[in-house]
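Student: One structure, pasted below without further comment.
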Amino acid sequence: MCMVAAAGRGVLVVGEEMEEEVAAACASAVHAYADVHTMSHGSTVLEEIMAEKKNAPSTDELTPKVGVMRPILRFLQLLCENHNPDLQNLLRNQNNKSNFNLVSESLMFLDCICGSTTGGLGLLGLYINEGNVALVNQTLETLTEYCQGPCHENQNCIAMHESNGLDIITALILNDINPLGRTRMDLVLELKNNASKLLLAIMESRTDSENNAERILYNMNPKQLVDVACSAFHQEHGLDADSDSEEDAPVQGVSPKEVGHNIYILCHQLAGHNKELAALVRCPPAGHDAPALQYYRTHTAQIEIVRTDRSMEQIVFPIPEICEYLPADSKHRVLQSAERDDQGSKVADFFARLDHLFHEMKWQKKLRGLQCTLFWLFE
């Protein structure tokens, strides 16, 4: 027998071999989730913390039953790669008697591994360490891939789920993850970056996003969210100030400013559903956070696109800093000489010029750096 799943763009037919592999992956995911669920419910918070302290040398090691979840989640992520709606829907509903909703199972797995089933949302730092942070990141990335495209059903499945999964994602952004943050801030920044991307994916391309946005804002302090974005900006400048020579090693992982910018875009998207957040994002910047808010505003843009169903949608995106080095005459030349013979030809002509424009921006950046060096030498 072949497993057949109806989807919006057609019918997806899965052969017997693939059906067995998907069934095995589903069973392994549910089994691993059950193991973590049992571990979290089988003892009190105090007993788990005491066990971690007692076995300090091995606290960062995952058991094989839990560790196997990382390649499984990566496999599920790759199934949904390139916004594959057929497989996104298949992972949620196989239309069988024994149906496995792997979207909600993945969310509950995140809920369990972060310890919120014990009632300790504020104790994330006690559950996330160097040993399991990669698994938490993989879970966030997989959940993001479930939603992107977008897949509205998977977005609703995550946003409206009865578990604490959405609160965990919000807490990862708002809270300090200590003691991990004291030694590996790069890992904490990656967590916050992936969590912000997931919340943006849950609201992606929604004309009826009020319910999802309200669910995200339910346990979120708007002022705290803006403060997290601004603190990431100041953290980046603190790192720049500490780099006194070119021999300093580059910062590993994602840039703090990039993380802060993603969180600012999240603020921008949520501002339409919360007056307090809208006032914080749109009011004239002042005080200690003025430079951060000014930078984010001047480096954030939006475009309007028309979907296949003729609906119009606004896309908000960060402007790379290197775009500041594109000369005005180059912008004017592209505007005046772009091909407009056919409908859509200007888009293709613009993308054909991208490589040349990018190299020009890099060259201009290098020239300005040389000018500063020469000015310093001959002053």
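The values are calculated or read from the model by the stated rules, or taken from the named source; none is laboratory data. Predicted, not measured: the structure shown is a model, and the values here were computed from it. Quick reminder, even Gly has a Cβ in these numbers, built from the backbone with ideal geometry, and neighbours come from all protein chains shown.
Student: Going residue by residue through region 122-134, is there one that turns out to be at pLDDT below 90 and β-branched (V, I, T)?
Tutor: Yes - at least one qualifying residue is present in region 122-134.
Student: Quick check on region 288-310: of everything there that is small (G, A, S) and touching a residue at least 12 places away in the same chain (Cβ under 8 Å), which residue is surrounded by the fewest Cβ atoms within 10 Å (Cβ to Cβ)?
Tutor: Initial filter on region 288-310 (small (G, A, S)): 290, 292, 301.
Next, only the ones that are touching a residue at least 12 places away in the same chain (Cβ under 8 Å) stay: 292, 301.
Details: A292: 24, A301: 11.
Checking each candidate, the answer is A301.
Student: May I pose another question? Which condition number in (1) free of Cβ contacts under 8 Å to residues at least 24 places away in the same chain; (2) touching a helix residue (DSSP H, G or I) at 6+ places or on another chain (Cβ under 8 Å); (3) loosely packed, with under 15 Cβ neighbours inside 10 Å; (4) part of a helix (DSSP H, G or I) is the one that R368 fails?
Tutor: If we test R368 against (1) free of Cβ contacts under 8 Å to residues at least 24 places away in the same chain; (2) touching a helix residue (DSSP H, G or I) at 6+ places or on another chain (Cβ under 8 Å); (3) loosely packed, with under 15 Cβ neighbours inside 10 Å; (4) part of a helix (DSSP H, G or I), just (1) comes out false.
Student: Is it the case that region 299-321 has a residue that's among the β-branched types (V, I, T) and either more than 30 Å from G272 (Cα to Cα) or part of a helix (DSSP H, G or I) (or both)? If you could, list the steps in order and put the result at the bottom.
Tutor: Residues of region 299-321 among the β-branched types (V, I, T): 300, 303, 305-306, 308, 315-316, 319.
If we keep only those that are either more than 30 Å from G272 (Cα to Cα) or part of a helix (DSSP H, G or I) (or both) as well, we get none.
Checked against the condition, which is being among the β-branched types (V, I, T) and either more than 30 Å from G272 (Cα to Cα) or part of a helix (DSSP H, G or I) (or both), region 299-321 yields no hits at all.
Student: Considering each residue of region 308-327, count those that are within 24 Å of the chain's Cα centre (by Cα) and either within 30 Å of W363 (Cβ to Cβ) or among the aromatic types (F, W, Y) (or both), and give that number.
Tutor: The number of residues fulfilling the criteria is 9.
Student: If you don't mind, another one. Quick check: anything in region 127-147 assigned to a helix (DSSP H, G or I) and touching a His at 6+ places or on another chain (Cβ under 6 Å)? Full working, then the answer.
Tutor: Our first condition is that a residue be assigned to a helix (DSSP H, G or I); within region 127-147, this holds for 127, 133-147.
Filter again for touching a His at 6+ places or on another chain (Cβ under 6 Å), leaving none.
Scanning region 127-147, I find no residue that is assigned to a helix (DSSP H, G or I) and touching a His at 6+ places or on another chain (Cβ under 6 Å), so the answer is no.
Student: Sticking with this one: Mind listing just one residue for me: the one in region 267-292 that is among the aliphatic types (A, V, I, L, M) and in contact with a helix residue (DSSP H, G or I) (Cβ under 7 Å, 6 or more places away or on another chain) and, of those, nearest to F233 (Cα to Cα)? Explain how you work it out, then say what you get.
Tutor: Of the residues in region 267-292, the ones among the aliphatic types (A, V, I, L, M) are 270-271, 277-281, 286, 290, 292.
Of the ones still in play, those that are also in contact with a helix residue (DSSP H, G or I) (Cβ under 7 Å, 6 or more places away or on another chain) are 270-271, 277-278, 280-281, 292.
Numbers: L270: 20, A271: 20, L277: 18, A278: 20, L280: 16, V281: 15, A292: 6 Å.
Here the answer is A292.
Student: While we're on this one: Within region 279-288, track down each residue that is assigned to a helix (DSSP H, G or I) and either over 17 Å from L225 (Cβ atoms) or at pLDDT below 85 (or both). Steps first, please.
Tutor: Taking region 279-288 and keeping what is assigned to a helix (DSSP H, G or I), we get 279-282, 287-288.
Correct list: R282, G287, H288.
Student: Right, next: Tell me, please, whether a residue that is surrounded by fewer than 10 Cβ atoms within 10 Å (Cβ to Cβ), in the same structural domain as Y264 (by TED's automatic domain parsing) and at pLDDT below 85 can be found in region 311-334.
Tutor: For region 311-334, residues surrounded by fewer than 10 Cβ atoms within 10 Å (Cβ to Cβ), in the same structural domain as Y264 (by TED's automatic domain parsing) and at pLDDT below 85: present.
Student: Further, regarding this structure: Just checking, does region 154-171 include any residue being among the charged types (D, E, K, R), farther than 13 Å from L107 by Cβ and surrounded by fewer than 20 Cβ atoms within 10 Å (Cβ to Cβ)? Before you say what the answer is, go through the steps one by one.
Tutor: Taking region 154-171 as the starting set, the residues that turn out to be among the charged types (D, E, K, R) are 162, 167.
In the following step, the residues that additionally are farther than 13 Å from L107 by Cβ were identified as none.
No.
Student: Can you tell me which residue among L87, L107, L78, L91 is of a type in the set (A, V, I, L, M, F, W, C), in a helix (DSSP H, G or I) and surrounded by fewer than 19 Cβ atoms within 10 Å (Cβ to Cβ)?
Tutor: Details: L87 fails: surrounded by fewer than 19 Cβ atoms within 10 Å (Cβ to Cβ); L107 fails: surrounded by fewer than 19 Cβ atoms within 10 Å (Cβ to Cβ); L91 fails: surrounded by fewer than 19 Cβ atoms within 10 Å (Cβ to Cβ).
Sole residue among the options that is of a type in the set (A, V, I, L, M, F, W, C), in a helix (DSSP H, G or I) and surrounded by fewer than 19 Cβ atoms within 10 Å (Cβ to Cβ): L78.
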